[in-house]
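Please read the structure below before turning to the comments.
The values are calculated or read from the model by the stated rules, or taken from the named source; none is laboratory data. Here the structure is a predicted model, which means the values were calculated and not measured. So basically every Cβ, Gly included, is an ideal-geometry build from the backbone, and we count neighbours across all protein chains shown.
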Amino acid sequence: MEWLDLIQWPAMAVTVLAAWLVASTHKHRREIGFWVFLASNALWIAWGWHASAWALIVLQVCLAGLNIRGAVKAAPPS
């Protein structure tokens with residue numbers, strides 16, 4: 001087994017942590033959750049590239065885009 005095969009486990013754990021943080025009632029934790037979700041997207045993309053899981057890569061790019069869109073829309077107007 002190659003070390004890249006193991007990325008799926010930290011990716012899963014980081015995704016669960018991100019979901020927990022985003023569900024928090026504390027604004028700061030939700031903001032951290034956004035960045036943790038982006039990290040999980042990167043981990044899943046790395047694993048998906050290694051595993052030739054192209055649909056997973058597209059899904060993660062779309063989810064990252066939706067997270068960024070949500071953060072922009074939730075930001076106070078400047």
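Before moving on, here are some points about what is shown:
- Taking first residues from segment 58-78 that are free of Cβ contacts under 8 Å to residues at least 24 places away in the same chain and partners that are assigned to a helix (DSSP H, G or I) and among the aliphatic types (A, V, I, L, M), the Cβ contacts under 7 Å between residues at least 6 apart in sequence or on separate chains come to Gln60/Ile45.
- Pair list, Cβ < 6 Å and 6+ apart or interchain, from segment 33-57 residues that are within 10 Å of Val14 (Cβ to Cβ) and among the small types (Gly, Ala, Ser) to residues that are surrounded by fewer than 20 Cβ atoms within 10 Å (Cβ to Cβ) and at pLDDT 95 or above: Ala39/Val14; Ser40/Val14; Ser40/Thr15
- Among residues of segment 56-73 being small (Gly, Ala, Ser) and touching a helix residue (DSSP H, G or I) at 6+ places or on another chain (Cβ under 9 Å), the one that is surrounded by the most Cβ atoms within 10 Å (Cβ to Cβ) is Ala64.
- Selection from segment 17-55 of residues that are more than 20 Å from Ile68 (Cβ to Cβ) and surrounded by fewer than 12 Cβ atoms within 10 Å (Cβ to Cβ): Thr25, His26, Ser52, Trp54, Ala55
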